[in-house]
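Heads up: the structure comes next, in structure tokens.
The values are calculated or read from the model by the stated rules, or taken from the named source; none is laboratory data. Not measured: the values here are computed from a predicted model. Here Cβ is always computed from backbone atoms with ideal geometry, including for glycine, and neighbour counts include all displayed protein chains.
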Amino acid sequence: MTASALERFDLDMRRLLGASCLVGIDEAGRGPLAGPVVAAAVILPPGDLPELAGVRDSKQLSPQARRRLFPRIKACARAVGVGWALSREIDEVNVLQATFLAMRRAVGRLPSKEKALAWALVDGGQRVPELGLPQRAVVRGDALSLSIASASVVAKVVRDAWMAVLDRRHPGYGFFQHKGYGTSAHREALERLGPCPEHRRSFAPLVQPLLGAGRP
């Protein structure tokens with residue numbers, strides 16, 4: 001969908017819900033073997049936003065395009081909140097609950113005045129428990145809503161930047177290249193080095209005994 005179509009979706013949702021504004025919420029990093037889940041909550045101003053032409057689901061954008069759009073979203077948005085759930089939290093409560101936790105933290109970083117009479121549009125098919133806002137789950141929301149797509153870009157750029165930091169802190173795993181996903185190179189590094197503190201010990205293949213001999 002084009003940016004104008006994503007804008008129209010948000011306009012229709014504001015009218016349908018009677019919302020003064022929308023909080024688009026999305027996450028990055030549910031699937032990797034290492035690193036945090038990062039969620040973003042973005043409130044865009046109503047009306048035409050030509051400066052956000054090109055914003056769409058972050059998975060459909062190149063890393064260069066995401067980095068180019070990121071400051072435009074930040075400059076255009078009325079508010080942006082980012083929340084994290086760390087690897088140890090993912091292991092403690094499972095990745096779905098950790099994703100909800102990151103989303104609640106992202107919403108918690110938005111100014112209270114911006115959230116008055118707002119509705120949250122959450123990417124995916126599940127509502128977020130105890131979000132503190134009325135909400136609607138939108139399946140494939142990052143392909144339909146400009147607010148959610150913007151949150152998708154913000155979450156992905158922030159997480160990718162952090163994985164580059166972790167690459168320097170924990171050399172040898174290739175975090176900069178694969179961002180923690182279970183590529184063949186990452187799995188080979190795990191077999192050679194064992195997991196580092198950023199790995200999710202509850203995720204396969206990290207629960208397999210063959211990884212027990214590497215670095216703790």
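Couple of notes before you dig in:
- For the stretch 179-195, the set of residues classified as touching a residue at least 40 places away in the same chain (Cβ under 8 Å) and under 27 Å from Asp26 (Cα atoms) consists of Lys179, Gly180, Tyr181, Gly182, His186, listed by residue number.
- Every residue from the stretch 21-52 that is small (Gly, Ala, Ser) and either touching a strand residue (DSSP E or B) at 6+ places or on another chain (Cβ under 6 Å) or surrounded by 14 or more Cβ atoms within 10 Å (Cβ to Cβ) (or both): Gly24, Ala28, Gly29, Ala34, Gly35, Ala39, Ala40, Ala41
- Qualifying residues in the stretch 132-177 (those that are touching an Asp or Glu at 6+ places or on another chain (Cβ under 7 Å) and of a type in the set (Ser, Thr, Tyr)) - the one nearest to Trp119 (Cα to Cα): Ser147
- Residue match in the stretch 182-192 (condition: within 20 Å of Val37 (Cβ to Cβ), part of a loop (DSSP other than H, G, I, E, B) and not assigned by TED's automatic domain parsing to the domain that holds Ala34): yes
- Against the list (1) free of Cβ contacts under 8 Å to residues at least 12 places away in the same chain; (2) of a type outside the set (Asp, Glu); (3) exposed (fewer than 13 other Cβ atoms within 10 Å of the Cβ), the condition Gln97 fails is (3).
- Note on the stretch 87-105: residues that are within 21 Å of Val153 (Cα to Cα) and in contact with a helix residue (DSSP H, G or I) (Cβ under 8 Å, 6 or more places away or on another chain) total 2.
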